[in-house]
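Down below is the structure, laid out as C-alpha cells.
The values are calculated or read from the model by the stated rules, or taken from the named source; none is laboratory data. Values in this document were obtained by computation on a predicted structure and should not be read as measured data. Positions of Cβ are backbone-derived with ideal geometry, glycine not excepted, and every protein chain shown enters the neighbour counts.
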Amino acid sequence: MVSKVPLLDNPQKIIIIGAGVSGLALSILLGKLGFTIEIYERRSDAKSVFEDGRTINFTLTERGLSILREIGLLERVLAQAVVLKQRAVHFKNSISYQSYGKHAIESIKRRDLIVILQEEATKYPNIKIRFKTELIKIDKVSGKIILQDIDTHEILEKSADFVVGADGVFSKTREHMVRGLAIDSETHYFPCCYQELTLSKDEAVHLAIAPDSLHVWSSKDSILVAIPNIDQSFSCVYVNVLKNPLDIDQPSIKKKHITNFKKSFAEIYNSSLSIQQSLHDSSINNLVSCRVSHWYYKNKIILIGDACHSIYPFYGQGMNSALEDCLLLSKAIMKYNSNYEKAFAHFQQHRKQDCDALAYLAAQYFYVLKKSTSFLYTAQLMVDSMLNKIFPAHWQYEYQEVAHTRHSYHKILQVKLRQNKLRCKLGIFIIDWIVCSYLYLKAIRHDPAIIWDPVKKLLIKLKLFFNKNSAANDRV
C-alpha cells in the first residue's frame, strides 16, 4: 500500500465520474498530492470481466508513454504491450512498409491498461473505487451529487470540493454541467460506421501478417486496420462508409456491411473463420466525436478526456491526449494550490486549442489512411521524410511530430498548413510526382497487372455502355 503524503497545503475531497484510463490516471496523480478521491464507474470491475465487448487496442505513443513513466507504471505497461516498428500498407500483390523510425509505438489491450491503472490506484488508502454506480444528478452550486447503484437501485448522496467528469463521449457529467448555461456542446457523427473484429494467430500466420506492424488495407469505401496482440492474434477495426447515418439501425445494414467486406477484403474473409464469426457477432457502431466550448464550471466541475474533446480514432491519439490531460490538470492544481477555478481556467486556456487542432488532424487522417495505398501518398511521405532529415528545423514530418514528441498539436497543425502552401510555391509537388512515377514504374515491373487490370475494367465498362445504348436504339 502506498502511503498518503500530502504535497499541497490543504488537499481536499474529489469525486471522479468514470474509471476509464483518464479517470484512473488522474486519481493516481492527485492521490499522490494527498487528495481524498472517490471514483464512480457505471460498468463492472474490469478485473472481474474478461472483455466488455470492445476488442480494439490502444496505441501508446510518446505522449502517453511519458505520463505512464511519470506515474511509475511504464515498465508494467510495456510488459503487456507489443512493439510496433512500422505500418504495413497492403496493396493487391505487395506490401509497402512505412517505418515509424527510431521511435516505435506500443500496442496494448484496452482492458489490460485499465487493470494496471486500477491496481495502482487501489494501492493508495485515499482512493476508493465503486463500480456499477450511475450518476443521476449534480448540483453545480453546492457540488453535491446523486448516484444510484445499478444492481440494488440504492440512492447515494455525496459531496466533494469538486467533481471531475471522465465519463467519455456521452458524458453525463457534461450533460449536467452545461444545462442552463451558455455553453456549446456538440456531438458529431462521422459518415462511416465501424466494427471491431478478431483475427486469430494461426490465421495471421497463414496470411503472412507480420506481428510487429500495424496493418492497413483500403478500398474505395472501406478501411481495415489490424493491430497485433501480445499472443500474436490481431484486433481489427473495419470502417465502412455509411451513406445515410440512420441506416445503422436497419436490419439490412449488417448484411450490406458483410457483403462489402467480402468484396473489398476477399482474401482475408475467405482465409479467416474468426473474422467471419466476428463480422456476424459484433455490433456495428457510429464514429462519434464531441466538442465543448467551456470545460469547467467555476471551482466545482472540470471535464477531461473524451468528456470534453472526444476525437475520431484514426490517428491513435485519443487515449494519449487523455493521459496528457491528466498530467496537465494535476500540474495546474499544484500551481494554484487550492484555487481550483484558476487551475481549471489555466488548464482550459493552455489545452483547448491543442485538442481542437487534434480533432481536425484526426478527422483528416481517415482520408490519409484511405490514400495510404496510393503511389502519390507514399511518394509524399518519402519526400517529407527526406526534407525533414535535410532541414530538421524547417520541415516537419507530421506523424513523427504527433506521435513521437509532446509538441503542441496546435503548432503542428499550423506548420502542416504552411507546408501545404509551400509545396505548391516551391514546386515540391514536382518532386512528389517524380518519386511517384518511379514507384509506379517499379511496381509495374514487379506486377504488370497494376496497369492492365484498370484498363480491362475500363474496357468492360465501355462494352456494357455500348451494349446498353445499342439495345436502346434497337427498341426505338
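If I filter the range 155-197 down to residues being hydrophobic (A, V, I, L, M, F, W, C) and in a loop (DSSP other than H, G, I, E, B), which single residue comes out as modelled with the highest pLDDT?
Within the range 155-197, the match that is modelled with the highest pLDDT is A166.
Give me a count of the residues in the range 70-106 that are of a type in the set (A, V, I, L, M) and outside any strand (DSSP E or B). Give the derivation first.
Keep residues of the range 70-106 that are of a type in the set (A, V, I, L, M), which gives 71, 73-74, 77-79, 81-84, 88-89, 95, 104-105.
Add one more test, that the residue is outside any strand (DSSP E or B), and what stays is 71, 73-74, 77-79, 81, 104.
Of the residues in the range 70-106, 8 are of a type in the set (A, V, I, L, M) and outside any strand (DSSP E or B).
Within the set of pairs 6 or more residues apart or between chains, which connect a residue that is under 23 Å from Y124 (Cβ atoms) and in contact (Cβ under 8 Å) with a residue 60 or more places away in the chain inside the range 54-74 to a residue that is buried (at least 22 other Cβ atoms within 10 Å of the Cβ) and not aromatic (F, W, Y) with Cβ atoms less than 6 Å apart?
G64/N320; G64/L323; I67/L323
From Y340, Y409, which residue is in contact with a Cys (Cβ under 9 Å, 6 or more places away or on another chain) and modelled with pLDDT of 85 or more? Give the derivation first.
Numbers: Y340 fails: in contact with a Cys (Cβ under 9 Å, 6 or more places away or on another chain).
It is Y409.
Within the set of pairs 6 or more residues apart or between chains, which connect a residue that is of a type in the set (K, R) inside the range 350-370 to a residue that is part of a helix (DSSP H, G or I) with Cβ atoms less than 7 Å apart?
Here the result reads R351/D325; R351/L328, each pair linking the range 350-370 to a residue that is part of a helix (DSSP H, G or I).
So in the range 162-185, with the set limited to residues that are in contact with a helix residue (DSSP H, G or I) (Cβ under 7 Å, 6 or more places away or on another chain) and not aliphatic (A, V, I, L, M), which one is surrounded by the fewest Cβ atoms within 10 Å (Cβ to Cβ)? Can you show your working first?
Step one: filter the range 162-185 for residues in contact with a helix residue (DSSP H, G or I) (Cβ under 7 Å, 6 or more places away or on another chain), giving 162-169, 171, 173-174, 185.
From the residues that got through so far, the ones that are not aliphatic (A, V, I, L, M) too are 162, 165, 167-168, 171, 173-174, 185.
Numbers: F162: 23, G165: 31, D167: 28, G168: 22, S171: 26, T173: 26, R174: 24, S185: 18.
That would be S185.
Of all residues in the range 102-133, count the ones that are buried (at least 16 other Cβ atoms within 10 Å of the Cβ) and touching a residue at least 40 places away in the same chain (Cβ under 8 Å).
Number satisfying all stated conditions: 21.
Determine which member of the set A343, A357, A362 is assigned to a helix (DSSP H, G or I) and either closer than 24 Å to N57 by Cβ or among the charged types (D, E, K, R) (or both). Outline the logic, then answer.
On the way: A343 fails: either closer than 24 Å to N57 by Cβ or among the charged types (D, E, K, R) (or both); A357 fails: either closer than 24 Å to N57 by Cβ or among the charged types (D, E, K, R) (or both).
Exactly one residue qualifies, and that residue is A362.
When you check K370 against the structure, is it touching a strand residue (DSSP E or B) at 6+ places or on another chain (Cβ under 8 Å) and either at pLDDT 90 or above or assigned to a helix (DSSP H, G or I) (or both), yes or no?
Values: touching a strand residue (DSSP E or B) at 6+ places or on another chain (Cβ under 8 Å): yes; either at pLDDT 90 or above or assigned to a helix (DSSP H, G or I) (or both): yes.
The answer is yes for K370.
Looking only at helices (runs of 4 or more DSSP H) that lie completely in the range 254-311, which have at least 1 residues being among the aromatic types (F, W, Y)? Walk me through how you get there before you give the answer.
Details: elements: 266-271, 273-281, 306-309.
Filter on the range 254-311 gives 266-271.
Here are H215, H188: which of them is in contact with a Lys or Arg (Cβ under 9 Å, 6 or more places away or on another chain), surrounded by fewer than 19 Cβ atoms within 10 Å (Cβ to Cβ) and within 23 Å of Y365 (Cβ to Cβ)? So that I can check it myself, show each step before the final result.
Working: H215 fails: surrounded by fewer than 19 Cβ atoms within 10 Å (Cβ to Cβ).
It is H188.
Mind checking which residues of the range 146-167 are of a type in the set (V, I, T), touching a Lys or Arg at 6+ places or on another chain (Cβ under 7 Å) and in contact (Cβ under 8 Å) with a residue 40 or more places away in the chain? Give the steps one after another, and end with the answer.
Initial filter on the range 146-167 (of a type in the set (V, I, T)): 146, 150, 152, 155, 163-164.
Next, from what is left, pick out any that are touching a Lys or Arg at 6+ places or on another chain (Cβ under 7 Å): 146, 150, 163.
Matches in the range 146-167: I150, V163.
With the checklist (1) under 27 Å from V225 (Cα atoms); (2) in the same structural domain as I412 (by TED's automatic domain parsing) in hand, flag the one item A322 doesn't pass.
It is condition (2) that A322 fails.
What's the number of the condition H394 fails, among (1) surrounded by fewer than 16 Cβ atoms within 10 Å (Cβ to Cβ); (2) in a helix (DSSP H, G or I); (3) not aromatic (F, W, Y)?
(2)
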